[in-house]
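What follows is one structure encoded as C-alpha cells, with my remarks underneath.
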Amino acid sequence: MTNITEKIKLSLSKRQRSEKRFKFLGFIGISFAILFLIIILYSIFSQGQSAFKSTYIELNIFFDEKIIDVEGKRDIEDIKFANFRKIITNSLDNYFPEVEKREEKRKLHEFISSSEEKNLMNLVLSDQELIGKSKQLWLLASSTIDVIHKNPEMEEIVESDRLVDDLELSWFKTFKENGNLKFGFNKNFFSKADSTEPEQAGVLGSMLGSFFTLLITLILSFPIAVAAGVFLEELAPKNRFTDFIEVNINNLAAVPSIIFGLLGLAIFLNVMHLPRSAPIVGGMVLALMTLPTIIIATRASLKAVPPSIREAAIGLGATKFQTVNHHVLPLSMPGILTGTIIGMSQALGESAPLLMIGMVAFIVDIPGSFTDSATVLPVQIYLWKSTAARGFLELTAAGVMVLLTFLILMNGLAVFVRQKFEKKW
Amino acid sequence: MVMSNSIKIKSKKISVFYGDKKALDSINLEIPEKKVTSLIGPSGCGKSTFLRCLNRMNDTIDICRIEGKILIDEKNIYEKGLDPVLLRARIGMVFQKPNPFPKSIFDNVAYGPKIHGIVNSEDELNDLVKDSLKKAGLYNEVKDRLDEPGTSLSGGQQQRLCIARAIAVSPEVILMDEPCSALDPIATAIIEELIDELAKNFTIVIVTHSMQQAARVSQQTAFFHMGNLIEVGKTEEIFSMPKQVKTQDYITGKIG
Amino acid sequence: MGFWSFFTLLCLVGFYVNWYGTTKALRINSNIEKGPKLPSLPNYYGRHALLSFILVSTTILLVWIFLKPFILDLLLENKISVDLTSSFDGDPSMLIDTIKATNPNNFFPGTNPLIIESAKYYEYIKETSDSYVYLMVLFVALIFSIFSLRKISISFQARQSVEKTNINILIFCSVIAIITTIGIVFSLIFEAIRFFEKVPFFDFLFGLAWSPQTAIREDQVASQGAFGAVPIFSGTLLITLVAMSVAIPIGLLSAIYISEYANLKVRKFLKPVLEILAGVPTVVYGFFAAITVGPFLKDLVSFFGFSIASESALAAGGVMGIMIIPFISSLSDDVINSVPMSLREGSYAMGATKSETIMRVVLPAALPGIMGAILLAVSRAIGETMIVVMAAGIAANLTANPFEAVTTVTVQIVTLLVGDQEFDSAKTLAAFALGITLFFATLLLNLYALKIVRKYREIYD
C-alpha cells in the first residue's frame, strides 16, 4: 500500500507542473481574446477620433453687393442664386495678393470647402444688413488642408508624396503662422448624409436610414415572434408539425445573412416590385432575420416561468389562453424585451443582406420616410471604407465609433431591463 | 496486520461554513480502522458535509471554508502545502448517484491507475482492472463486455463499477455518500454484502438516510443533527439504548 | 386618400366596432331579467367583431400588395393603343418597361408623346388605385364586422370563437418560419435553374476557372470554364480553415478557463468582454481586417523576406477567426457547464488534478456538444460576408497558400449583384446558383450540428 503512495508521490511534482501549464494555456487563450478586443477598439479609436474635429480657416469676407444682389432689390430669389463661391475666392485672393497665375489661383481657391457657399448664403438671408459689409469668419477648410493640418509629419516629406505641393504648403503655413487656422467641431459629421467630399460627409443620413429600417424590423418581428414563441412553448401540441417548425426556426437562426438578402432581392424587389434601397424593404429582410432570435428568447423566458403559476391560474378556471395572456406572458416580458433589444442590435450591425436590396447606393439626401432611398450606418461604413480618397479613412473609423456607441447603448439597455425587471425563480 | 481496533481517522473540532452559514459545528469523531462507520441523521444535518471533509472534496466549492483538523494516521490532512491529490488517492469515494465516466467499463476502472502512473505495463493494468472488478463483485457480469460504455450498465452495476474504480488505486479508506439511495432493493442488498466484504481490507465510512442499512452494515454509528454530532457509539448500542433524547427521537421516528 | 389617413380611419372604425359589440352585449345582458345570460363576457363580443374587422382588412391589404404590380401592368396593357405599338421603335417587349421608366413630369425632350401620355396614365393609376383599395378595405371589413355584431345572442359563444381565432393567428405566426424557408428555396431555385440552362451544372460544380466579368457578352456566356466554381469553393474553404485554426484553440481554451478555472468574480468580468467581442458588427471586423491587419501582416511578412498579398486569405481568415472566438467559447462554455458536476467530483475523488479531470473526463463527455458548436461556427464562417467583402480578393484564385488572395462564395454573390439590376445575364444569375449552394451547404451543417447538440442535451438533461 505504501508502495503505491510512494509511486504517486514521485510523479506528483510532474503532474502539478502540467496542471500549471494547462491552466496557463487557458489563461493565454482568454488573454488573446481580450487582447484582440483591445487592439480592435484601439485601432478604431486612434483612427477615428480625428474625424470629430475639422480645420477652419479665418478669412475676411466681403459681402460684395455687386455679386450678391446685382439689382439691389434684396430679392430672396436673387440672393439664393448668387455666386457665393466668388465671395470666398475673392477674399482668398485678397489674403494672398501675390498669387496671380490662373493655375495657382485655382489651387488656392480649393482651400475652402464648397459647403461654405451655402452657409454664407444662409448667413446673408438671415441678416441682409451684411450686404456690402465685411466680416471676419471661420470657414471650413477642404479635406486636403484638413489632412495636412491633422498630420503635421506630412509637412516634412518630399513634395511628390504629399497631398499638396510646396506652394500650397507655404500658403497653409502662412495661415497657420497668422493664427488664421484652427480646429473646430466637425458639425457636418452629425448633420449631413454622404458626400463625395470627406469634409462634408456625415452620418445623419445613414443614422436615420438605420432608424427607419429598424422601426420596420421591430414592428414586424416583435409581435410575430412573440406570437410564435407563445404558441410553440405554451399551446402547441408536441407533434411532427411543431417539430418541423422548430427545426425551421433553429436553422433560420443559422442561415447566412446574405441569403436573406437574396430572398429580399428575388421576392420583395423582383416579384413584389417594392422600391429599391428603401428602409421598408430593408426592415422586412431584417425582420425575417431577427424573428428566430426573438422567438428563441421568448421561449426561453416563457420556460423560466414556473409551472406552479400556470397551475394556479388553470386551477381557478382560466383557459390556457387566458393563463398565458394574463399571467405567464406579463411575467416573461422582461426576458422577451431583453431578447428583442439584442435582436435589434444585431439587426443594427447587419449589412450584408442590405447590400443585396440596393441600400448600398450613394445617397446625399437625408431620408424622410420608409420609402425614400436610404442607406444604414454599417453600410455607410462599408461605402466609406471602399472610397479610396484620403480623409474617408478616418470618417470610416468615426462611423464605426458611432455605430459601436449605439450598440453599447442598446446592450446597456438590455442589461438594465434584465437586471431591473427580470425575476429569478 | 494492523490491530483491528486502532483509530484510522480523528476529526478534531471540524467546523464548516458555506459563506456565512455554519454547516458543521466543531465535530470530534474517531473512526476505527477496517470497520464500517455509518453517519446517520435527517437531511441537511451535515453528515455528507462531514464525509466530504475527509477527502477535502469541499475544496472544490468556492464559498466553502473549513476550520479544525482531521488526522489520518496522525497526520493533519488540512496542513498547509499538502496536495489533496495524494490524499484523494489514499481515500476513495463513492457517490449518491452512480457516476461512471463516459468511457468503457475497462477505462473507468483503469482511470485511477493511469493518472497516478501506478502500473508499469499493459498486462499489469489488465490484471489490476480484473482484480478490482472481482473485488467489487462485478467481474463475472461484465467480463465479456469490458469495451462497452460504463453508462450502459444497470444502476446497481454502475455503482459497483464506481466501487471498483475507487479500489483500483488501493485506497486505505473508502467514503460512501448514500451509495444505495438511487438503487432498487435487490441492488442495495448486493452492495451491502459487498460493503461487508470490503470491510476486511478497507476502512469504510458510509452516509446513509436509512437506519436499517446503518444497522445492517456498520459496526459504529454516529448521529448528526443540525450540524452537530449528537451521539456516537457501537451500532447495536445506538439502536438499542441511545444515550441522548434526540437520538431516541430520531430512531423512533419522532423527528425526521 | 393617403396611407396614414386611411390607417387612422381604420383604427377609429376598429375601436368603434369593438366598443359597439361590447355595449350591445352589455345591453342584452341587462335586458335579460331571468334565466341564463350571454355565455361569454361582454368584451369578448366586442373583440370578436374587432377580430373579423382586422383579419378581413389585413387579408385584403396583403393580397393587394402582392397583386398590385400585376394589376397595374394589366391596366396599362389594356390602355396601350395600336398607334403606340406601331410608333414605338424599340423592342416591343420593352414597351411596358419603357413606359414605366418614363417620368411624365421630367422626360427627355423628343420622347414619344404617346409614351408620355401612357406614363401619365400609369402614374395616375398607381396613385389612385391605392385609394380605391383603401375604400374597399373599409367597406368589406365593416360588412364582416356587422355580420359578427349581428351574431351576438345567447346561443353564440364568443370566447371560444375568439380564442380559436387567436390560436389560429398564433399558428400562422409560427408558420412564417416555414414560409421563410420555402421563400428562400424558391427565390434561389428559379434563378439558379435559369442559370443552369445557360451553364451546365457540372461545369459550374467542377470547373476550375471563374471569370464572370468577361462573360457579359453573349458569345462568351457558354464559353468553357467561365463559371467553374471550384476556385471559389476552395477559397471559401481556405479562409474558413484559417478562421477555424484561430477560433477553435482560442475559443476552446477561453471556454475551459472561464468555466473551470475562473472564479465567480473573474467570470463576471470575462463573460461581458467576450459578449462585446461577439456584439461587434462584422463590418467593423472587415474594416479592421482591411485597414489594420492587412498592412500589418504585409510589413511583418516582408520583414522576414517573404511576400504576401494585401488582400490575403490570412488577414481575412484571421480576423474572421477573431469574430468566431466568442461564438465557439460561449457555445462550448454552455456545453462544458452542462457536463454534470458528479462526473467531475468522481474524478477529483480519484485524486485527479483539475487538468486531468478536464482532459480525460469533462472534454470527452462534452465532445459531441463541442463538435456541434464547431460545425455551427464553420457554417457561420462560410456564410460570413462583410469581412471577406472588405478584406478578401475578388479574383478567383485556385491556391492553398494563405498568403495569396482568394475569393469566397459570399464575395462573389456581392460583386455579381451589387450595382447590377439586370436579371437575365448568366453573370447575375450565377449569384443565385452560388447562393443556393451556400444555402444547402450551411443547411446541412446546421441540421447536423443541431442534431448532435440536441442529442447531447438529452443525455445530460
(request) Report the longest stretch of chain B that contains none of the trypsin sites (Lys or Arg not before Pro) sitting in a DSSP loop with at most 13 other Cβ atoms within 10 Å. (result) B:1-79
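Given A:K53/A:K86; B:K34/B:K130; B:K103/C:K268; A:K303/C:K37, which pairs have Cα atoms separated by over 28 Å?
Result: B:K103/C:K268; A:K303/C:K37 exceed 28 Å.
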(request) Could you pull out the trypsin sites (Lys or Arg not before Pro) across region A:1-101 that fall in loop regions by DSSP (anything but H, G, I, E, B) with no more than 14 other Cβ atoms inside 10 Å? (result) A:K73, A:R74, A:K101
(request) Stick to the Cα atoms of region C:3-156, pair each with every other, and give me the Kirkwood hydrodynamic radius in Å at one decimal. (result) 19.0
(message) So for chain C, averaging the separation of alpha carbon pairs under 8 Å that are six or more residues apart and normalising by length, what relative contact order in percent results?
(response) 16
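Only Cα pairs under 8 Å and at least 6 apart count here; give the relative contact order of chain A as a rounded whole percent.
For chain A, the relative contact order is 19 percent.
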(request) Compute the FRET efficiency between C:N29 and C:M136 as 1/(1 + (r/R0)^6), taking r as their Cβ-Cβ distance and R0 = 51 Å, and round to the nearest 0.05. (result) 0.90
(message) I need the helices of chain A that pass two filters: whole DSSP H segments spanning 15 Å or more by Cα along the axis, and mean Kyte-Doolittle score no lower than 1.6.
(response) A:204-230
(message) So if the hydrodynamic radius of the protein assembly as shown is defined as the Kirkwood radius over C-alpha pairs, what does Stokes-Einstein give as its diffusion coefficient at 37 °C and 0.692 mPa s, in µm² per second?
(response) 91
(request) Report the residue, chosen from A:S43, A:S54, A:S301, that carries the largest GNM mean-square fluctuation when chain A is represented by alpha-carbon nodes joined by springs under 10 Å. (result) A:S43
(message) As I understand it, the dipole of region A:229-315 uses +1 on the Cβ of Lys and Arg and -1 on the Cβ of Asp and Glu, about the Cα centre. Which of A:A236, A:I249, A:A304 lies farthest toward its positive end?
(response) A:I249
(request) Could you sort C:41-49, A:183-191, A:238-246 so that the peptide with the highest average Cβ count within 10 Å comes first and the rest follow in order? (result) C:41-49, A:183-191, A:238-246
(request) Sort out the exposed loop GluC sites (Glu not before Pro) in chain C (DSSP loop, at most 16 other Cβ within 10 Å) and tell me the longest stretch that has none. (result) C:34-421
(request) DSSP loop (so not H, G, I, E, B), at most 10 other Cβ within 10 Å: list which GluC sites (Glu not before Pro) in region A:100-157 pass both filters. (result) A:E100, A:E156
(request) For C:Y124, B:Y250, give the ranking by accessible area with the largest first, probe 1.4 Å. (result) C:Y124, B:Y250
(request) For A:K20, go through the aspartates and glutamates and keep the ones whose alpha-carbon is under 18 Å away, minus same-chain ones fewer than eight residues off. (result) B:D59, B:D83, C:E260, C:E356
(request) Compute the signed sum of charges (Lys and Arg +1, Asp and Glu -1) over the other residues within less than 15 Å, Cβ to Cβ, of C:S329. (result) -1
(request) Return the calculated 222 nm mean residue ellipticity for chain C, to the nearest 500 deg cm²/dmol, obtained by summing -39500 (n - 2.57) across DSSP H runs with n ≥ 4 and dividing by the residue count. (result) -24500 deg cm²/dmol
(request) List every residue whose amide H lies under 5 Å from the amide H of B:G68, counting only residues 5 or more places away in sequence or on a different chain, with H placed 1.01 Å from N in the peptide plane. (result) B:S15
(request) Please identify, among A:I294, A:I357, A:I39, the residue showing maximal mean-square fluctuation in a Gaussian network model of chain A using a 10 angstrom Cα cutoff. (result) A:I39
(request) Take the solvent-accessible surface of the protein heavy atoms, probe 1.4 Å, and return the percent of it on region C:3-156 that carbon and sulfur atoms account for. (result) 67
(request) Would you compute, from DSSP H runs of 4+ residues alone, the mean residue ellipticity of chain B at 222 nm, taking -39500 (n - 2.57) per run and dividing by the full residue count, rounded to the nearest 500? (result) -10000 deg cm²/dmol
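Buried accessible area for the C:A pair, summed, 1.4 Å probe, in Å² rounded to 100?
Buried: approximately 6900 Å² between A and C.
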(message) Can you give me the solvent accessible area of C:C173 with a 1.4 Å probe, rounded to the nearest 10 Å²?
(response) 20
(message) Could you tell me which residue out of C:A381, B:V85, A:V124 lies farthest along the dipole of the protein assembly as shown toward its positive end? Charges go on the beta carbon: Lys and Arg +1, Asp and Glu -1, centred on the Cα centre.
(response) B:V85
(message) Please state the shape class of chain C: rounded when a/c is under 1.5, otherwise prolate if a/b exceeds b/c and oblate if not, all from the C-alpha gyration tensor.
(response) oblate
(request) Can you spot the lysines whose alpha carbon is less than 19 Å from C:K451's alpha carbon? Ignore those fewer than 8 places along the same chain. (result) A:K238
(message) Considering only C-alpha atoms, what is the centroid distance from region A:53-123 to region B:147-203, in Å?
(response) 96
(request) Kindly state, as a whole number, the per residue volume in cubic angstrom of the convex hull around the alpha carbon atoms of region A:204-421. (result) 129
(request) Could you order A:H327, A:H149 so the one with the most accessible surface comes first? Probe is 1.4 Å. (result) A:H327, A:H149
(message) Give me the dipole magnitude in Debye, nearest 20, for region A:57-185 about the Cα centre, with unit charges on the beta carbon: positive for Lys and Arg, negative for Asp and Glu.
(response) 340
(request) Report C:F304's accessible area, 1.4 Å probe, all protein chains in place, as a number in Å² to the nearest 10. (result) 140
(message) Using only the alpha-carbon atoms, what does region B:7-252 span along each of its principal axes? Please give whole angstrom values in decreasing order.
(response) 54, 43, 30
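Would you mind computing the Rg to Rh ratio of chain A from its alpha-carbon coordinates, Kirkwood style for Rh?
Reported Rg/Rh, Kirkwood definition of Rh: 1.15.
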(request) Scan chain C and note any complete DSSP helix (H) whose C-alpha atoms cover at least 15 Å along its axis and whose Kyte-Doolittle average is 0.0 or more. (result) C:3-31, C:42-79, C:113-150, C:158-198, C:230-256, C:264-279, C:313-337, C:363-383, C:426-460
(message) Let's see if you can work this out: charge +1 on each Lys and Arg Cβ, -1 on each Asp and Glu Cβ, no other charges. What is the dipole magnitude of the protein assembly as shown about its Cα centre, in debye to the nearest 20?
(response) 5240
(message) Ignoring everything except DSSP H segments at least 4 long, calculate the 222 nm mean residue ellipticity for chain A; use -39,500 (n - 2.57) per segment, divide by total residues, nearest 500.
(response) -20000 deg cm²/dmol
(request) Compute the distance in nm between two label points, each set 7 Å from the Cα along the Cα-to-Cβ direction, one at C:N78 and one at C:R457. (result) 5.5
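The values are calculated or read from the model by the stated rules, or taken from the named source; none is laboratory data. From a predicted model like this one, the values you see are computed outputs, not experimental measurements. Cβ atoms come from the backbone with ideal geometry, glycine included; neighbour counts cover every protein chain shown. Heads up: the accessible areas ignore ligands, DNA and RNA and are worked out on the full protein's heavy atoms, side chains in. Shrake-Rupley method; radii C 1.70, N 1.55, O 1.52, S 1.80 Å.
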